[in-house]
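> What follows is a single structure, and I will ask about it in a moment.
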Amino acid sequence: AAKEAGRATCRFFTPELNRRASDRLWIENNLRRALGNDELELHFQPQFSLDGRRLIGAEALVRWRQPDGTLIMPGQFIPVAEDTGLILPLGDWVLGEACRRAAELLRHRDLLIAVNLSAVQVRRPGLAERVAGWLSSYGIPPAALELEVTESVLMDESDVVADTFSHLRGMGVSLAIDDFGTGYSSLAYLKRFRVDKLKIDRRFVSELRADNPDSGAIAKAVIGMARSLHMDTLAEGVETEEQYRCLVELGCDQCQGYLLGRPMPYDDFLAFLRGGAAAPADRVAETVE
Ligand code: C2E
Ligand code: MG
Ligand code: MG
Ligand code: MG
């Protein structure tokens with residue numbers, strides 16, 4: 001009877017809600033097969049130094065390619081993977097694939113490859129050992145790998161996260177806090193965990209205006225704090241020259257965003273790399289004051 005009632009309430013779903021609920025179910029039912037079926041792929045978004053626009057690395061971002069070629073973006077399936085536990089095998093696939101690609105990319109150029117981790121992956125004991133395994137099987141120097149976690153991971157009280165972080169840093173892998181400024185972590189956590197980089201969330205970048213010094217208040221505060229704790233800063237979602245110039249002015253170290261390069265399939269990224277990053281370099285003259 002409860003089941004009947006549940007089904008009946010579906011009729012009161014708006015079409016949008018109904019579609020979303022069934023998408024979720026569809027994703028849940030198909031993601032496991034997709035993993036075994038080689039339907040996931042990593043795209044790479046270039047990252048640049050803010051002084052001189054040098055290409056310094058790339059962030060690996062997962063996509064799910066449907067048999068018909070359509071891409072499903074991570075915002076749609078990562079949350080489902082997290083709820084169902086599939087994030088563990090999926091996260092392992094991402095790490096292994098990122099290392100495999102990194103090994104190829106490093107033959108062409110020195111790069112830092114950044115990989116996103118879900119909190120669940122970091123809380124599972126043994127992450128550092130598995131990362132060490134991938135690095136050695138692909139012959140990658142640990143300094144070429146950066147792992148991105150969100151602030152919520154820092155609030156974890158258990159020793160697992162702290163141990164994993166210090167093990168990884170001890171190996172020479174770097175750690176970055178993603179979407180910094182959007183979570184609720186206290187600044188005290190940053191001293192406890194010691195990370196290498198803060199990624200300033202796109203929302204604080206999008207509000208930057210050259211004619212309004214107050215627009216940069218949050219970015220400025222993050223950059224100042226990072227500097228005093230000996231961390232680097234990377235601005236996410238840089239879309240305009242104006243934002244770029246504001247970030248240079250504020251003393252931010254690095255950036256990524258549509259202005260300088262979108263996430264792209266591996267082959268395109270390789271072509272971009274081998275072309276000497278010509279497209280972004282063409283713009284250098286515009287920023288010289
Ligand atoms: P994120 O790690 O903060 O990644 C940045 C997101 O911003 C990416 O979206 C990227 O395509 C997008 N982006 C980059 N530059 C710009 C820009 O200039 N403007 C705008 N509007 N957006 C920009 P994407 O690829 O859809 O990924 C969304 C989120 O999904 C990621 O946010 C990350 O939290 C998660 N994610 C992606 N790949 C993985 C993965 O392999 N594992 C896990 N656990 N999460 C992942
Ligand atoms: Mg990220
Ligand atoms: Mg981010
Ligand atoms: Mg984000």
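> Check whether at least one residue in the range 200-219 is modelled with pLDDT of 95 or more and touching a Pro at 6+ places or on another chain (Cβ under 9 Å), and report yes or no.
no
> Give me the pairs, please: first residue somewhere in the range 259-272 and touching a residue at least 12 places away in the same chain (Cβ under 8 Å) and under 24 Å from E241 (Cβ atoms), second residue anywhere and part of a loop (DSSP other than H, G, I, E, B) and more than 16 Å from ligand 2 (Cβ to nearest atom), beta-carbon distance under 9 Å, and either six or more positions apart or on two chains.
Listed pairs, sorted by first residue: L259/E239; L259/T240; L259/R283; L260/R53; L260/A277; L260/R283; G261/A277.
> Take the residues in the range 59-82 that are over 22 Å from G261 (Cβ atoms) and acidic (D, E), then tell me which one is nearest to ligand 4 (Cβ to nearest atom).
Checking each candidate, the answer is E82.
> Within the range 136-161, how many residues turn out to be out of contact with any Ser or Thr (no Cβ under 7 Å at 6 or more places or on another chain) and open to solvent by less than 30 Å² (accessible area, probe 1.4 Å)?
9
> What number of residues within the range 48-89 satisfy the criterion of being touching a residue at least 12 places away in the same chain (Cβ under 8 Å) and assigned to a strand (DSSP E or B)?
Qualifying residue count for the region: 14.
> Inside the range 214-252, can you point out the residues that are within 16 Å of ligand 2 (Cβ to nearest atom) and among the polar types (S, T, N, Q)?
T233
Table: residues versus (1) exposed (fewer than 13 other Cβ atoms within 10 Å of the Cβ); (2) over 30 Å from V238 (Cα atoms); (3) modelled with pLDDT of 90 or more; (4) not small (G, A, S).
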position	(1), (2), (3), (4)
R11	yes, yes, no, yes
P15	yes, yes, no, yes
N18	no, yes, no, yes
E41	no, no, yes, yes
L55	no, no, yes, yes
I78	no, no, yes, yes
C99	no, no, yes, yes
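The values are calculated or read from the model by the stated rules, or taken from the named source; none is laboratory data. Just so we're clear, the structure is a prediction, and the values are computed from it rather than from any experiment. FYI the Cβ positions are ideal-geometry reconstructions off the backbone, even for glycines, and counts take in every protein chain you see. To get the accessible areas, we keep the full protein, side chains included, count just its heavy atoms, and leave off ligands, DNA and RNA. Shrake-Rupley method; radii C 1.70, N 1.55, O 1.52, S 1.80 Å.
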